[in-house]
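Following: one structure in structure tokens, then a few remarks.
Read the figures in this text as sums done on the coordinates, not as results from a lab. What you see is a predicted model, and the numbers here were worked out from it, not measured in a lab. Because the Cβ atoms are built from the backbone with ideal geometry, glycine has one as well, and the counts that use them run over all protein chains shown.
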Amino acid sequence: MTSFKCLSVSQPFAYLIISGKKKIELRSWNTNFRGDILIHAPLKIRKSDCRRLHVEGNLVTGAIVGKATLHDVKKYGTKREWIDDVRYHLASSVFSSKRYGFLLKNAKAFSIPIPCKGRLGLFDVQIGATGPNDVQIASDIFDEEYRTQWINHH
């Protein structure tokens, strides 16, 4: 089994992260973790945000839908800083209590979502812990990404 850090992000924001349209995930807490994280979409879909952001279609829930690299955290000290980054975090309310912006890059959607129950905070996921087929699915996904990385750069 392989362990990964994972972050639950409500839809449509999980979709927007893995499609590269959302570069900052707002949180009320900070983290020292830097590196690849899995993006989990919990069961809840924020319908008003789907309408506001023009996201339509069937959004996957209750599963790990992709990954991204958390490369830094930005602390928002002023309303102006927060407003300047709205195009990256896509929040609807003005200067909320979510004062930490997790800066994300290298986002990628998984072609096969991995069923998983979410948790609060940045949590550990053991890929392969939920069933025998999950190990092969996870292995295929990461092997496919590794091969694509090399093929597309030659």
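A few notes on this one:
- Pairs exceeding a 23 Å alpha-carbon distance, out of Lys75/Lys108; Lys74/Lys105; Lys23/Lys108: Lys75/Lys108.
- Distance between modelled label sites at Arg80 and Asp124, nm, 7 Å Cα→Cβ extension: 4.4 nm
- Cα gyration tensor shape of segment 12-121, rounded if a/c is under 1.5, else prolate or oblate by comparing a/b with b/c: oblate
- Charged neighbours of Lys5, selected by a Cβ distance under 12 Å, balance to +1 (K, R count +1; D, E count -1).
- Inter-probe distance in nm under a simple model that places probes 7 Å from Cα toward Cβ, at Thr69 and Arg52: 3.0 nm
- Here the calculated FRET efficiency for Thr2 and Ser28, from their Cβ-Cβ distance with R0 = 25 Å, stands at 0.30, rounded to the nearest 0.05.
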